[in-house]
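Below: the structure, in structure tokens.
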Amino acid sequence: MASEDSETFDHDTPLSSDDAADTQDAVSREIASLGEEYRRGGTEETQPRIDYRPYRSSILRHPTKDLHHTDPETIELWAPAFGHQDVNALESDLTIQHNGDPVGERMIVTGRVLDGDGRPVRNQLVEVWQANAAGRYIHKRDQHPAPIDPNFTGVGRCLTDDDGTYRFTTIKPGPYPWKNHHNAWRPAHIHFSLFGTDFTQRMITQMYFPGDPLFDLDPIYQSIVDPKARERLVATYDHGITEHEWCTGYRWDIVLSGSNRTWMEEDEQA
Ligand SMILES: [Fe+2]
């Protein structure tokens, strides 16, 4: 499990309160302008833009120097290995980590991890971290005046089964403010990390909830300029997952564009 001081906190943490000078209207105009520019461009983009001006600190969150190729084989020698014995089944239930029940809407989030050909990705380590129902993270840099829930830490992990399925029981996170601009709020989301088979394949993304009114206003969500690619991050409410007098249910599948198996095959052909 990642430590509380690093990976468990949000990557969208504001860098400084000085970033908060712009209005939502100004940021929304920039989002609209870039969206229009994308629609006219005719080239499909499926990933977030790493330089996306409405997301003010995005320029600081990616390399600005030339990248150097490294040998994945060498990195793997130094990376930790995850075995079945390291992941307890109880770690997938974020509502039972303390003495009492956390406050909020209890829910199940489940889905399948699939490779680019639709095959299940088995025994995949899936980690999640999220704010509590009030939109508050357990982290020293999150000091906005929403209550900490003593019964909710907001981190969990599990392994996918033979069908590629992961499943978490948790609390629906609340939206929360950040300092990108004045009155900036993030849509409710859960952060996901997938390790692949080694650190070189680690993928981190965010899952959102259907119908969130903050989608149009959020520079991080909108940094994926293609609407269809954005919508792939939104879970689906699934009444078949919802349990009688217990919790609601959401389904969200994760499709990896390239599995380790594919990479190895290409490597052998090269
Ligand atoms: Fe977050």
Over segment 187-226, relative contact order from alpha-carbon pairs under 8 Å, at least 6 apart, %: 37 percent
Charge tally in the Cβ shell below 15 Å around F168, where Lys, Arg are +1 and Asp, Glu are -1, F168 excluded: -2
Residue (of N180, I204, F168) at the positive-pole extreme of segment 167-236, dipole from beta-carbon charges: F168
Calculated from backbone phi, Karplus (6.51, -1.76, 1.60) coupling profile of segment 225-230 in Hz, x at Gly/Pro: 6, 8, x, 5, 5, 4
Partner lysines for K140 [C-alpha distance under 16 Å; skip if fewer than 8 residues away on the same chain]: K179
Pairs of alpha carbons in segment 184-241 whose separation is greater than 15 Å (percent): 55 percent
Placed amide H near L256: partners under 5 Å, 5+ positions off or other chain: L114, D115, G116
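Just so you know, all these numbers are worked out from the coordinates, no wet-lab data involved. Keep in mind the model is a prediction, meaning the values are calculated, not measured. Note that we place each Cβ from the backbone using ideal geometry, even for glycine, and neighbour counts take in every protein chain shown.
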